[in-house]
Amino acid sequence: MSLFARIATISFAVLLTPVAAADLAESVERRVEAVMPEVVSWRRDLHEHPELGNREFRTAGIIAEHLRELGMEVRTEVAHTGVIGVLKGGEGPVVALRADMDGLPVTELVDLPFASKARGEYLGQDVGVMHACGHDNHVAILMGVAEVLAGMGDELPGTVLFLFQPAEEGTPDGTVGGAELMLQEGAFDEVLPDAVFGLHVFPYPAGVIATRPGGLMASSDSYKITVTGKQTHGAVPWAGVDPIVTASQIVLGLQTIVSRQLDATLTPSIVTVGKIDGGVRSNIIPESVDLIGTIRTFDAETRLDIHERIRRTATHIAEAAGAKAQVDIDLGYGVTRNDPELYQKMAPTLRGVAGSQFIEAQQTTTAEDFSYFANEAPGLFLFLGVAPEDPSLVYPNHSPRFYADERALPVGVRALTALTLDFMADN
Ligand SMILES: [Zn+2]
Ligand SMILES: [Zn+2]
């Protein structure tokens, strides 16, 4: 059964007679098909002209113009370059749909007629810029969904908030940005959505939709531990306190948090030390050593529990050695958690869109700032498979060879359209 036939029989049937519902479903599907050539050409154009986070000026301009042409109220320069469009329909629920817009400091190596030759400045360096995470697809898909839903006119049962978000990949200087800043600047102040949906392209086979209830993507926090001992000659260690040996013990102690202390059946977690920095030459024991690393987990309580254990492990090991450990934890993106109830409610819709291509996603230890929106309203985030058939062309996100197969684009448009309409019909 086709998606909109399914919508007609299952969801719209609640509101409309079967004949009216079937007519509506058919007209929505016609609109999806009609918009696809535009979606493909937007995606190619955006791909050729990627922009780094908080500098998505051209991208934002194209989006704002499109939304205005569709008759929406449009807010621009939200969190620097973000764009919010409000599409008002009937008195039904409010659904927010989110697409991120930024490219990465990566020089494209894919052989495409619309490959990026763009350059930009990143941390003072001249770099190639590429949509190596595929956000060009997200923007093009959501522009297509906007056109389909705006085309429904009075038949749209509720309100849709279109969130085009900058700087998902983080701001170059580490300041607050992206989804968090959009919320701080009032993205949800006027209308609080009843649900928020988003998707990310991922190297599943093209056309696959993958998601899961609960934690889908990890929280990502970084930490710094400064171990301060007492400087001395390398030949006279008893005259000082060696921060290198102490830091080494802390590295091993941190590894026991996940392996020996957390409930292994609850959720996967990671504590990584990424850098150890201390000392200048072979026969001097330095005054201090810095450790930096990353923490990933899929559960909000476990996240805080790990922070506490890192503090305890580092300070007490240091104390045992007569040294001091200063622990600073920098909160990054939260867990991207799919609301279990919303997942159960919307799974039939996704099955209707993708059939057997709708699968349960594996958890991924990478992070997403969609989590900020999903902390404010029940959220559901999807992975959209974009891997080409030829396995030699399949590369992960952020690779200079990352390539998204355009066959996935209509699936993305249908998924977000159907989630919106089915959610509105069910509520
Ligand atoms: Zn990315
Ligand atoms: Zn991304």
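The values are calculated or read from the model by the stated rules, or taken from the named source; none is laboratory data. Please read all numbers here as calculations on a predicted model, not as lab measurements. Positions of Cβ are generated from backbone atoms using ideal geometry, with glycine treated the same way; all protein chains shown enter the neighbour counts.
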Going by the conditions given, is THR265 in contact (Cβ under 8 Å) with a residue 12 or more places away in the chain, polar (S, T, N, Q) and away from ligand 2 (no atom under 16 Å from the Cβ)?
-> no
Residue that is farthest from ligand 1 (Cβ to nearest atom), among those in the stretch 156-188 that are of a type in the set (D, E, K, R) and buried (at least 18 other Cβ atoms within 10 Å of the Cβ) = GLU180
Is it the case that some residue within the stretch 386-393 is within 22 Å of HIS47 (Cβ to Cβ), within 16 Å of ligand 1 (Cβ to nearest atom) and touching a Ser or Thr at 6+ places or on another chain (Cβ under 6 Å)?
-> no
Within the stretch 407-420, residues being within 20 Å of the chain's Cα centre (by Cα) and under 21 Å from ALA115 (Cβ atoms) number 2
Within the stretch 352-361, is even one residue surrounded by fewer than 18 Cβ atoms within 10 Å (Cβ to Cβ) and in a loop (DSSP other than H, G, I, E, B)?
-> no
Residue satisfying condition, being more than 30 Å from ARG351 (Cβ to Cβ), at pLDDT 95 or above and assigned to a strand (DSSP E or B), within set VAL251, VAL258, VAL271 | VAL271
Tell me, please, whether a residue that is in contact with a Cys (Cβ under 7 Å, 6 or more places away or on another chain) and assigned to a loop (DSSP other than H, G, I, E, B) can be found in the stretch 154-171.
-> yes
The correct count of residues that are within 16 Å of ligand 2 (Cβ to nearest atom), farther than 30 Å from THR159 by Cα and either of a type in the set (Gly, Ala, Ser) or in a loop (DSSP other than H, G, I, E, B) (or both) in the stretch 92-130 is 5
Pairs only if they're at least six apart or on different chains, beta carbon under 7 angstrom, first in the stretch 44-58 and over 15 Å from GLY170 (Cα atoms), second among the aromatic types (Phe, Trp, Tyr); list them, first residue then second.
-> ARG44/PHE114; HIS47/PHE114; GLU48/PHE114
From the list GLY332, GLY293, GLY385, which residue is assigned to a strand (DSSP E or B) and either under 19 Å from the mean Cα position of the chain (by Cα) or among the acidic types (Asp, Glu) (or both)?
-> GLY385
Mind listing just one residue for me: the one in the stretch 375-398 that is within 13 Å of ligand 2 (Cβ to nearest atom) and surrounded by fewer than 18 Cβ atoms within 10 Å (Cβ to Cβ) and, of those, nearest to PHE358 (Cα to Cα)?
-> PRO396
Looking at LEU266, is it assigned to a loop (DSSP other than H, G, I, E, B) and either touching a Phe, Trp or Tyr at 6+ places or on another chain (Cβ under 6 Å) or more than 30 Å from LEU416 (Cβ to Cβ) (or both)?
-> yes
Residues located in the stretch 131-153, provided they are in contact with a Gly (Cβ under 9 Å, 6 or more places away or on another chain), crowded, with 20+ Cβ neighbours inside 10 Å and assigned to a helix (DSSP H, G or I) | HIS135, ASP136, ASN137, HIS138, ALA140, ILE141, LEU142, GLY144, VAL145, ALA146, LEU149, ALA150
